[in-house]
């Protein structure tokens, strides 16, 4: 059963469509991550579900109850704000206990729950600390504990790790995933960071200008981006126009193999960097190495084809095999890493 | 985070930074939601202030104007050009305008260096000094008038020392106005100046600007709207000056407000008074519109920082000299009149002593001026001011809550409307109370409530101006966070807004209390003879001849000053991060 269902939710700000007929369902115990660039409407989606923003059209259902007209404080969902929004005049304990006080939970139970949650987020005994004495990561944990305290049926996270530094972020993602699994929390998170989304989510929903561009497991989205927008948003830039004929695609990079069963005709093709194999200069497509970027476990290369009409090509290879800038190489393509994209609207 | 933002500054505007995703499209999304329920709530909140202003401001003023301009069931608008072109009235208009302009210019000239010193320098006793220079602003105008009379008038300090008398010259009025409004400039301009990030200027200097040019191109433009707002406030206060001019102006000088008083109370020429009230109303409306415009500009995008971080000890002889001269001016201008006031109150015919104070204890010693012991005026004033404060807090607090959410033109108009009582002739309001509120269902003429109601009218603008910036600086998402955690709208207000604005509320209460205590123009009409307030009692003593009366006036003024100063020093301890508009 879907805990959350959005049916054709639309929000307009003036002439700008923040959300355009969005359909979304989140099952119980599922973690869904909405992924999209700034301005794609993902935060607005959370605000509509939370009841902080009225939808101009469409309905939000929570546990099969229509939420139209239900104010934010009666929806029983939790929302962790982008920059935490801890109450500055209350200490850590006061912040975490806030939602419980609103529900008139007894004093001893409140204190016990607060202590448990602070343990859970790794800040045991921090009840009396002032919130402005906390570091960014600690504020993050307090905000999480505060959102979890009233046991919301749906927990929503807005850019949960957005303002933290990289190391902390990677650690917290793992902790969060493990925590949500243990608690069985239903989670709807939004982020612009694909790494965060892939690490956190059971299912990823990519948004583009108020519309859902693709929805699927992290692996599906990563392996089979449906559109050029999704491909480019995930960081893939090897996208060219192509004409498919007899199981082969004609492209500016030459003839590329395509997966079996591809429909003939004009289309856009994505070649993942891993699908670009370096060969000797005389085999495959002749290129010059325009740039190389050290990425730790591999090297990302930008190849400039000798045919100046062809777009540049990204490739990745192991460090010890990496050619230097200015070297001439050949490029061959692997069918398994070639993806046929839908035409973007 | 490099720019640690103090809680509750304008840099946290509801629609401001949204962090990493602050693109134009999304920045708009985090603004307060507009829904019909919000509008209904706002209307409900505004109902009380609207009713209050309708009944106790618009109605009495309209009643007075009607009484003056309508005879035998017909409107006599022909009176307007007749009165306005009367040479005596033209003189009054001219004097009112030019003395206000001169007072404003003089105040800016003297107070701007003070604003800089208070904003940028750290020195011992700064907090106390800031309280002291603010004392004159909340002092009753009657006391300011008497203080300057004691300094510059017949038998005053300068007269005794060098035979110099200024009470017949316009300088006495101008100096009293500077004394009165020094704090307006220091607090409004200095308050903002202290929150401007000095690194902005440093950035300009790194880009090759000289010290002067960095100040001119970076600081001055940021400061200009605050200077304009302060100047307009001073202009407004001096344009409508009553007590000071009434006492220091003698028969030669009269502002519109004084002329209205004379026409109403002494010559009983209501039609002329009504026309003059309308003229003043129009002028004040214009000034307020200009003020609202500059304030709105000032609320624009400035990056503000914690004032405590921008002040440092003066460095080098030039800065020490500046600090020294500002302190000297403050001492000369602010402390001397107050000190002389105290001195005169103690200096009786038989040398120094508490004779004047003792005489205040019985009605008989007051020479038949009072039905009751003048000292009872202290109790009356405190009681009235306390009630007025409560009314002002309720009305002003509701209005501020309604105005918190930025909204359309209608609400902005309401914002300006709340300032009107500051500039409208208090005399008109007071007399209007007597005329308008004397029949059922609102027969308040015999009620003691009349005085606190009139005083609250002046207190409300202060409450709104103090609360509004703080309320608006509360990040709207904090309220949303509380709502998502299950707090109803009322609960959100109690749990989020109230704790954050608690201190501002206390400051507002203090201001409302002080101005209620000092209200004179309206109170002089409506306070009952057996229940005088302090300013009314002072004015009555000053209106009588005799050394004892004079001494008693000074003694009462001293008491009034001490009460005001005490409430102000208490305020200074709970100053908010944002100093509000005053």
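Hey, among the residues in region B:530-557 that are assigned to a loop (DSSP other than H, G, I, E, B) and at pLDDT below 75, which one's nearest to the chain's Cα centre (by Cα)?
Checked region B:530-557; the qualifying residue nearest to the chain's Cα centre (by Cα) is B:543.
Are any residues in region B:443-466 modelled with pLDDT under 75 and either in contact with a helix residue (DSSP H, G or I) (Cβ under 7 Å, 6 or more places away or on another chain) or crowded, with 24+ Cβ neighbours inside 10 Å (or both), and if so, which ones? If you could, list the steps in order and put the result at the bottom.
Step one: of region B:443-466, the residues modelled with pLDDT under 75 are B:443-447.
Result: B:444, B:445.
Examine region A:5-20 for a residue that is at the interface with another protein chain (Cβ under 9 Å from one of its Cβ atoms), buried (at least 23 other Cβ atoms within 10 Å of the Cβ), touching a helix residue (DSSP H, G or I) at 6+ places or on another chain (Cβ under 9 Å) and assigned to a helix (DSSP H, G or I), and state whether such a residue exists.
Looking through region A:5-20, none of the residues is at the interface with another protein chain (Cβ under 9 Å from one of its Cβ atoms), buried (at least 23 other Cβ atoms within 10 Å of the Cβ), touching a helix residue (DSSP H, G or I) at 6+ places or on another chain (Cβ under 9 Å) and assigned to a helix (DSSP H, G or I).
I need the full set of residues from region A:282-297 which are surrounded by 15 or more Cβ atoms within 10 Å (Cβ to Cβ) and in a loop (DSSP other than H, G, I, E, B), in order please.
Passing the criteria: only A:284.
Just a yes or no: is a residue in region B:497-510 within 13 Å of another protein chain (Cβ to nearest Cβ), in a helix (DSSP H, G or I), modelled with pLDDT of 80 or more and more than 27 Å from the chain's Cα centre (by Cα)?
Among the residues of region B:497-510, not one is within 13 Å of another protein chain (Cβ to nearest Cβ), in a helix (DSSP H, G or I), modelled with pLDDT of 80 or more and more than 27 Å from the chain's Cα centre (by Cα), which makes the answer no.
Report, by residue number, each residue of region A:200-233 that is surrounded by fewer than 18 Cβ atoms within 10 Å (Cβ to Cβ) and in contact with a helix residue (DSSP H, G or I) (Cβ under 8 Å, 6 or more places away or on another chain).
Answer for region A:200-233, where residues must be surrounded by fewer than 18 Cβ atoms within 10 Å (Cβ to Cβ) and in contact with a helix residue (DSSP H, G or I) (Cβ under 8 Å, 6 or more places away or on another chain): just A:222.
Within region B:467-480, is there a residue that is crowded, with 24+ Cβ neighbours inside 10 Å and free of Cβ contacts under 8 Å to residues at least 24 places away in the same chain?
yes
Quick one: which helices (runs of 4 or more DSSP H) lie wholly within region B:243-305 and hold at least 3 residues that are at pLDDT below 80 and surrounded by fewer than 18 Cβ atoms within 10 Å (Cβ to Cβ)?
The qualifying helices (runs of 4 or more DSSP H) are B:270-298.
Suppose the filter is within 8 Å of another protein chain (Cβ to nearest Cβ), buried (at least 19 other Cβ atoms within 10 Å of the Cβ) and closer than 26 Å to residue A:52 by Cα; does residue A:85 pass it?
Judged against the criteria, residue A:85 is a match.
Would you confirm whether or not region A:91-102 contains a residue that is more than 21 Å from residue A:5 (Cβ to Cβ), surrounded by 19 or more Cβ atoms within 10 Å (Cβ to Cβ), away from every other protein chain (no Cβ under 12 Å) and modelled with pLDDT of 90 or more?
Yes: one or more hits.
Looking at region A:37-51 only, could you name the residues that are crowded, with 21+ Cβ neighbours inside 10 Å and at negative phi?
Answer for region A:37-51, where residues must be crowded, with 21+ Cβ neighbours inside 10 Å and at negative phi: A:40, A:42, A:43, A:44, A:45, A:46, A:47, A:48, A:49, A:50.
Please determine whether any residue of region B:324-339 is in a helix (DSSP H, G or I), at pLDDT 75 or above and closer than 22 Å to residue B:226 by Cα.
Restricting attention to region B:324-339, the residues satisfying the condition of being in a helix (DSSP H, G or I) are B:324-339.
Retained after the next criterion (residues that are at pLDDT 75 or above): B:324-339.
Going one step further and asking which of them are closer than 22 Å to residue B:226 by Cα, we end up with B:326, B:330.
Yes, there is a match, as at least one residue in region B:324-339 is in a helix (DSSP H, G or I), at pLDDT 75 or above and closer than 22 Å to residue B:226 by Cα.
Select from region B:32-56 the residues that are modelled with pLDDT of 70 or more and in contact with a helix residue (DSSP H, G or I) (Cβ under 6 Å, 6 or more places away or on another chain) and write down the one among them that is farthest from the other protein chains (Cβ to nearest Cβ).
Here the residue is B:56.
So, in region A:52-74, exactly how many residues are in a loop (DSSP other than H, G, I, E, B) and either farther than 23 Å from residue A:147 by Cα or more than 8 Å from every other protein chain (Cβ to nearest Cβ) (or both)?
Qualifying residue count, region A:52-74: 8.
Since residue A:122 meets every condition but one in (1) touching a residue at least 40 places away in the same chain (Cβ under 8 Å); (2) more than 10 Å from chain B (Cβ to nearest Cβ); (3) assigned to a helix (DSSP H, G or I), which condition does it not meet?
(3)
With part of a helix (DSSP H, G or I), at pLDDT below 85 and over 30 Å from residue B:151 (Cβ atoms) as the only criterion, which of B:407, B:392, B:400, B:386 stands out?
That would be B:400, the only listed residue that is part of a helix (DSSP H, G or I), at pLDDT below 85 and over 30 Å from residue B:151 (Cβ atoms).
Would you call residue A:66 closer than 27 Å to residue A:33 by Cα and surrounded by fewer than 20 Cβ atoms within 10 Å (Cβ to Cβ)? Spell out how you get there, then give the answer.
Working: closer than 27 Å to residue A:33 by Cα: yes; surrounded by fewer than 20 Cβ atoms within 10 Å (Cβ to Cβ): yes.
When the stated conditions are applied, residue A:66 passes them.
All but one of (1) in contact with a helix residue (DSSP H, G or I) (Cβ under 8 Å, 6 or more places away or on another chain); (2) more than 10 Å from chain A (Cβ to nearest Cβ); (3) not in a helix (DSSP H, G or I) hold for residue B:486; which doesn't?
With (1) in contact with a helix residue (DSSP H, G or I) (Cβ under 8 Å, 6 or more places away or on another chain); (2) more than 10 Å from chain A (Cβ to nearest Cβ); (3) not in a helix (DSSP H, G or I) applied to residue B:486, the lone miss is (2).
May I ask you to say which residue of A:141, A:182 is more than 19 Å from the chain's Cα centre (by Cα) and in contact (Cβ under 8 Å) with a residue 12 or more places away in the chain?
Result of the check over A:141, A:182: A:141.
Restricted to region A:298-345, and to residues that are without any contact (Cβ under 8 Å) to a residue 12 or more places away in the chain and part of a loop (DSSP other than H, G, I, E, B), which residue is surrounded by the most Cβ atoms within 10 Å (Cβ to Cβ)? Don't jump to the end; show me each part of the working.
To start, the set of residues in region A:298-345 that are without any contact (Cβ under 8 Å) to a residue 12 or more places away in the chain comprises A:308, A:320, A:345.
Of the ones still in play, those that are also part of a loop (DSSP other than H, G, I, E, B) are A:308, A:345.
On the way: A:308: 6, A:345: 9.
Per the stated criteria, the residue is A:345.
Among the residues of region B:120-156, write down those that are under 25 Å from the mean Cα position of the chain (by Cα) and assigned to a loop (DSSP other than H, G, I, E, B).
Scanning region B:120-156 gives B:125, B:139, B:140.
Can you confirm whether residue B:204 is crowded, with 19+ Cβ neighbours inside 10 Å and free of Cβ contacts under 8 Å to residues at least 24 places away in the same chain?
Taking the combined requirement at face value, the residue satisfies it.
Which one of these does residue A:80 not meet: (1) out of contact with any strand residue (DSSP E or B) (no Cβ under 9 Å at 6 or more places or on another chain); (2) crowded, with 16+ Cβ neighbours inside 10 Å; (3) within 13 Å of another protein chain (Cβ to nearest Cβ)?
(1)
Got at least one residue in region A:272-280 being surrounded by fewer than 16 Cβ atoms within 10 Å (Cβ to Cβ), assigned to a strand (DSSP E or B) and touching a residue at least 24 places away in the same chain (Cβ under 8 Å)? Walk me through it before giving the result.
So in region A:272-280, the residues surrounded by fewer than 16 Cβ atoms within 10 Å (Cβ to Cβ) come out as A:274, A:277, A:279-280.
Those still in the list that are assigned to a strand (DSSP E or B) too: A:277, A:279.
Keeping just the survivors that are touching a residue at least 24 places away in the same chain (Cβ under 8 Å) gives A:277, A:279.
Within region A:272-280, one or more residues are surrounded by fewer than 16 Cβ atoms within 10 Å (Cβ to Cβ), assigned to a strand (DSSP E or B) and touching a residue at least 24 places away in the same chain (Cβ under 8 Å).
The values are calculated or read from the model by the stated rules, or taken from the named source; none is laboratory data. Please read all numbers here as calculations on a predicted model, not as lab measurements. Note: ideal-geometry Cβ built from the backbone for every residue, glycine included; neighbour counts use all protein chains shown.
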